[in-house]
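Student: One structure, as structure tokens, below. Some questions next.
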Amino acid sequence: MMFITEGVPTSLRGELTKWMLQLKPGVFLGTLSTLVGEKLWNKIQEKVGNGRAIWVKATNNEQRYVLTMCGKTVIQVSDFDGLQLITLPNKKSLKKKDSVDIINRTSKITPSRKRRKSRLEDNNEKSEIMWDTKTTPMNFITRNISFRNINSTIRSTFDGSSAYYEYPPETLWQEPWIEDINSIVYSLMHFIFQNSNNLKSEFQDKKIACIDIETTDYLPKAYEGFVNIIGLSILNFESVVNHEVSVNLFQAINMTRKKNNVPKLLNLVKPFLSNIDKLLVFNKDFDIKILNAIIDEFSLDFTMPTHIFDLQEHFVSLKALEDDLNLKVGIKRKYTEKGKYSEYYKLFKGTGKKGKNKRIEPIGTYNLTDTLTPLYAYLIMKLKEFGK
């Protein structure tokens, strides 16, 4: 096992010398267990600062080693037919701020019969989607959506980053799947505004999140920790009465589908789970159980929120939950479908043994929808508890 560092703090190099032989300044060689190697790499990622680092780890692939990089560097490690090669991104890709124009639409909300009807215009802002070779791990993709009510207007911003060569940034968000996300979130925010007076006592200044994971479709392997995608929807009630409510979605995608990369998924979602008042999930004996097993196996510095609400205690399946939502508020999936996960997963795996032409849609939107519908159902349940 070898670590090659450049421009990192002296204190970090000192820590590495406790475990490895420093052949020359910044070059460390040693025979370490996988667990120790992972922990040292996590330490490097935490303390790399303005420097950069490469991890060369022996394995049983065709090249007999795997390269992983972190820090401020423009070079990339890309997978070409199973071989890891060093590539330099196109300079235009690094400089250009790619943007995606999303659907513009207008909708109405009616806060109450006693109040004047107001028209709420829904605008989607251009997003800044880019190659990310600094903060996003190699062969990972992150996607973000922000919905916020500003001056009686819902503004949505779609952005993200790619460190996977098959997905240039401009392809991260695509029609028609964007429409599914928009329609559910617009309906959710309108529902909150219509019932703001009844919701404020329970949710004022609170932050609620819903989590969902996507794994291999072979359940025994899924329970071993083969997690490919983690999605989060976060509802922030800054001021319910004044309609200061935001919905943020974050998604991290492990394009390699390798178990030893799952800790990186958790590190990517970790900041979004801080200061959460309640975490929602559908079937915590699957999602939460698998994530906690990964945390234990890799000894990660990660603690799941303690207040977890399982929607499966109230609905026999997520499909039943969404059928109920359709009856109550008229929302339903258009471009993904429950029961077709294996079909979507096959597209995500790509073709051939090397997994070429992998598709993040429709499995990506499938995952985000699985975080939004439980969140919506939870609010309706709480409102019913208030007798409204």
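Student: Residue by residue through the range 163-170, what is 3J(HN,Hα) from phi via Karplus (6.51 cos²θ - 1.76 cosθ + 1.60, θ = phi - 60°)? Round to whole Hz and write x for glycine and proline.
Tutor: Once θ is set to phi - 60°, the couplings for the range 163-170 become 10, 10, 4, 6, 10, x, x, 5 Hz.
Student: Right, here's the next one. Under a crude label model (7 Å from the Cα following the beta-carbon direction), how far is residue 204 from residue 354 in nanometres?
Tutor: Once both label points are built, they end up 6.1 nm from each other.
Student: Picking from 352, 375, 339, whose Cα lies most toward the positive end of the charge dipole for the range 324-386 (charges on Cβ: Lys, Arg +1; Asp, Glu -1)?
Tutor: The one lying farthest along the dipole's positive direction is 352.
Student: Beyond 18 Å, what percent of the Cα pairs of the range 11-55 remain?
Tutor: 18
Student: Next question. Once Rh for the range 296-388 is found with the Kirkwood sum over Cα pairs, what is the Stokes-Einstein diffusion coefficient at 25 °C and 0.890 mPa s, in µm²/s?
Tutor: Using the Kirkwood radius from Cα pairs, D works out to 155 µm²/s.
Student: Another one. I want the local charge near residue 9. Using Cβ-Cβ distances under 14 Å, sum +1 for each Lys or Arg and -1 for each Asp or Glu among the other residues.
Tutor: Once positives and negatives cancel, what remains is +2.
Student: What is the extension gain from residue 313 to residue 335, computed as 0.36 nm multiplied by their sequence separation minus the C-alpha to C-alpha distance, in nm to one decimal?
Tutor: Details: separation 22, 0.36 × 22 = 7.92 nm, distance 2.71 nm.
Using 0.36 nm per residue and subtracting the Cα-Cα distance, I get 5.2 nm.
Student: Could you list, in their original order, any pairs among 43/134; 221/346; 338/382; 206/328; 57/356 whose Cα atoms are separated by more than 21 Å?
Tutor: Details: 43/134 16 Å; 221/346 15 Å; 338/382 25 Å; 206/328 25 Å; 57/356 24 Å.
Cα-Cα > 21 Å for 338/382; 206/328; 57/356; rest within.
Student: Now for a different question. Full extension from residue 31 to residue 238: what is 0.36 nm times the residue separation minus their Cα-Cα distance, to one decimal in nm?
Tutor: 69.4 nm
Student: When each pair of different Cα atoms in the range 229-388 is counted once in the 1/r mean, what is the Kirkwood radius in angstroms, to one decimal?
Tutor: With all distinct Cα pairs of the range 229-388 included, I get 17.4 Å.
Student: I'd like the GluC sites (Glu not before Pro) in the range 294-388 restricted to DSSP loop residues with at most 15 other Cβ atoms within 10 Å, sorted by number. Intermediate values should be presented prior to the final figure.
Tutor: On the way: sites: 297, 313, 322, 337, 343, 385; in loops: 337.
Answer by residue number: 337.
Student: In nm, what is the difference between 0.36 nm times the number of residues separating residue 153 and residue 289 and their Cα-Cα distance?
Tutor: 45.0 nm
Student: Same structure, new question: Determine which aspartates and glutamates satisfy two conditions relative to residue 24: a Cα distance under 17 Å, and not lying fewer than 8 residues away in the same chain.
Tutor: Answer for residue 24, where 17 Å is the Cα cut-off: 6, 15, listed by chain and number.
Here, each number is a calculation from the coordinates, and none is a lab measurement. No experiment lies behind these values; they were computed from the predicted model shown. For neighbour counting, all protein chains shown are included, and Cβ atoms are generated from backbone atoms with ideal geometry for every residue, glycine included.
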